[in-house]
1. Only one of these conditions is not met by Ala22: (1) at pLDDT 90 or above; (2) surrounded by fewer than 15 Cβ atoms within 10 Å (Cβ to Cβ). Which number is it?
2. Mind listing whichever residues of segment 166-184 are of a type outside the set (Phe, Trp, Tyr) and over 11 Å from the mean Cα position of the chain (by Cα)?
3. Please determine whether any residue of segment 142-162 is more than 19 Å from His46 (Cα to Cα) and assigned to a loop (DSSP other than H, G, I, E, B).
4. Anything in segment 206-229 that is at pLDDT below 90 and β-branched (Val, Ile, Thr)? List them, or say none.
5. Against the definition (in contact with a Pro (Cβ under 9 Å, 6 or more places away or on another chain) and modelled with pLDDT under 90), how does Ala27 come out, yes or no?
Amino acid sequence: MVPRSAAVKRSRRAESGRGLLAREGRARGNGFGLSPAFWARFVENHWRRRPLILKRPFSVPLATGADILRGIVNARAQFRADDLKTPLKFFVEQALLQAEVQHHLPAARDSTLEDYVARVTSKLRGRPFGLIVTEYPPFDAQTWLRLREFLRPLYARIGIPGNPTQTGLFLGTYARTPFGVHKDLHDTFIFMIEGRKKFRTWPAEFFREEQDMTRSLHYRSFLDRATTLDAEAGDVLYWPSSYWHVAEPRSSSTRWRNWTRAWGPRRSETFFPSIRIGCRRAPTRCLGSSRTPQRL
Ligand SMILES: [Fe+2]
């Protein structure tokens, strides 16, 4: 077992996009579209090759905590009406809640995300939870339009993927992804809304040569060979679908224990909302550039 401090110290950091952004230009004005020159370099060097972290590429936040709260309240309204079809999952520690989920979602009496997190944490007697809205755009049109603006020049270059793009919202007090180390079918962009998270990633071949780590939380001995994406609010991250990954909030374990004992948040960064766009890779059929990005 590699000691934690040593492992973190030796862990490789993902390539920063600072140079790429400086050379090719950040999004202009209040826009969320990076330049075609940026995307040309991105596709050449990173797309389906290796992770990248972009430090605050936009001049304004993609979404605020209030936007996210409104979006989840909208999702809750649909959940009450038709709970089987609403794309929403609620975890308590590593367990997926199958009943009474609506009582753990934001309600009208939660005026902020912090209020919501405090209420649910008290209800769960301090046990960490995770809320995932697996298909978020129907509940937050403004954020979806901004994400579409972000993707448009990428899809103009590579063609629209043959499978739908998925956009999920992740929020919670979990210390690590509730379902552990895993790979997705999608190439992933993460947009950090609030708080800080570390994303640990490993290329596909890494665990082929090691033990099977699918859905495991016992990955600490492999941290020295992980590529770490250290993200804070406003950052945008990318990793290919071939990469194994797991997310960790950046608060210390001491602070985490104190916080869970108190049954309520002491810091606004403890719930870590982030949005994930998944550009699904399999099957790899691509519709080509004859479909315009405006039709996303
Ligand atoms: Fe994932």
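1. The single condition Ala22 does not satisfy is (1).
2. From segment 166-184, those of a type outside the set (Phe, Trp, Tyr) are 166-169, 171-173, 175-178, 180-184; that's our starting set.
The answer is Gln166, Gly172, Thr173, Ala175, Arg176, Pro178, Gly180, Val181, His182, Lys183, Asp184.
3. Yes - at least one qualifying residue is present in segment 142-162.
4. Thr214
5. On the way: in contact with a Pro (Cβ under 9 Å, 6 or more places away or on another chain): yes; modelled with pLDDT under 90: yes.
Answer is yes for this residue.
One line per residue, one yes/no per condition, for (1) touching a residue at least 60 places away in the same chain (Cβ under 8 Å); (2) of a type in the set (Gly, Ala, Ser):
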residue: Thr112; (1), (2): no, no
residue: Arg119; (1), (2): no, no
residue: Gly130; (1), (2): no, yes
residue: Thr134; (1), (2): no, no
residue: Phe139; (1), (2): yes, no
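The values are calculated or read from the model by the stated rules, or taken from the named source; none is laboratory data. Predicted model, so just to flag it, every value in this text is computed and none were measured. Every residue, glycine as well, gets a Cβ built from its backbone with ideal geometry; the counts of neighbours run over all protein chains shown.
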